[in-house]
Amino acid sequence: GGQERTEMGYQALLYLVQLGSHSDAYDLALKYGEFRILMELSVDPVLNEPQHLVNASSDRKRHFEESQKRFEDSLSLGMNRFGNEIFSLFAFEWLESRGFIRLLLNRDNTEQKQLLDNYFSKKPKQSSNLLWIHELASDRPENAARAAVEQGSKLGIYGRPYGLKQSSILFSIARLCLLASEIEDIEQIQPSKHDDVAKLSQEIDRRIYLLRAQQSLGGENEQDEAAVKSIRDVVYAYVSQAPIVTEALAMRLIVSLEIINRAGSSLSDTEVNELRDMVWRSSVERELHRWVKIVEHCISSGVGSENVFSDEQLSGSLRQTAFYLVAADSTLTTRTLHDMQTRNVYRSITDQLIRSLNDSTPRMNITERTHAFDTDLAHIFEQLLQTTCQLAARN
């Protein structure tokens, strides 16, 4: 078939190259349209190392300049011979796939810049690592920001090695590109475009926050090869690794809730509710010892729902809990808390409280200790949470 004949022609010309007949191989490649040989004979590897020219000898610099000119002449010849679009698309793909990035992007004349635009427009958005660089070099910073977001999303797939660092860099680049775009267009920007830019800005900030939240966990997340973790894994890590100290615990839980809020489409509504319930449950469960003492105080002092706010010791103790700090920061409403209680979010904690109190005062009947609240121990705890929520709202 045609493909087999093409491969045979390539191998024949390659054999000429290996024999040292570069000129003959080039002429035949030009005659028969063997693009691979044309590119291989036109691109000197030295063209991929311009940084080495700073302290290079004059002969090496001259060799580089001659190689650069030879490539540009060959590129122009190929486009004239085979058509601008046909040859440029092959040449640009060849350069990108072999890492000649500077050579690919450094198109000086208007025609070749347009051809490079055409090359990138024909590629799937996430297939090239270079689109954002091309857009930025073409003085289109907003497009560069969008391209960097696309590429950052590609690299930030859950579980991909090195994804955390690479995607973090690209989203930071996107932020800088967007800032440049906003400064540039501040006078001419249209309302509709402003809305698009605002949405893009929010998406970039959201992704940067989530990535930095994972990096802040430390450990393996600080390593270059670290992968992006799922929102669920990050939230569970924040909660499970949270310190016992109340303020530090509360801060971790506050960040966990913010991560969930910023998760966007990464989480379903069911997953959002499940994770939020887990965080709020942990705000009490991680300080069970503190709540046991609070409940014991209520029982021993006979504090009821009608005078809980006047008991300075009790209100002070409630304000020192992680649950209070998180509720104050997150503006938790009593309705939202009631909904969680209805879903039995705190049921397991109530059971632990009952066991702990029975162990500490085994000879005291539970019903004898709950006369001030008119109900059982579970209701005491329920009211304490509601009271803490009200105290947080007053803060």
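For this structure, a couple of remarks:
- For the chain, calculated [θ]222 nm from helices alone, where every DSSP H run of n ≥ 4 adds -39500 (n - 2.57): -22500 deg cm²/dmol
- Net charge of Cβ neighbours under 10 Å - reference Ser317; Lys, Arg +1; Asp, Glu -1: +1
- Sites Ser310 and Ser265, calculated FRET efficiency, Cβ-Cβ separation with R0 51 Å, nearest 0.05: 0.60
- Longest segment of the chain lacking chymotrypsin sites (Phe, Trp or Tyr not before Pro) that sit in a DSSP loop with at most 15 other Cβ atoms within 10 Å: 163-395
- Rg to Rh, two decimals, where region 138-284 supplies the alpha carbon set and Rh follows Kirkwood: 1.04
- For the chain, the longest site-free run once GluC sites (Glu not before Pro) in DSSP loop states with at most 14 other Cβ atoms within 10 Å are removed: 1-186
- Projected label points at Gln390 and Leu179, each 7 Å from Cα along the beta carbon direction, are separated by 4.7 nanometres.
- Of the DSSP H helices in the chain, those whose Cα atoms cover at least 30 Å axially and whose Kyte score averages -0.5 or more: 163-185
- At R0 = 35 Å, FRET efficiency that the Cβ-Cβ distance of Glu49 and Asp205 yields, to 0.05: 0.40
- Working from the Cα coordinates of the chain, the gyration tensor eigenvalues give, after taking √(5λ), semi-axes of 68, 21, 17 Å in decreasing order.
- Range in the chain, longest, excluding exposed trypsin sites (Lys or Arg not before Pro) [loop by DSSP; at most 14 other beta-carbon atoms within 10 Å]: 123-342
Each reported figure results from applying straightforward, stated rules to the coordinates on display, with no laboratory input. Since the structure is predicted, the reported quantities are computational estimates derived from the model, not experimental observations. No Cβ is skipped: glycine too gets one built from the backbone with ideal geometry, and neighbour counts run over all protein chains shown.
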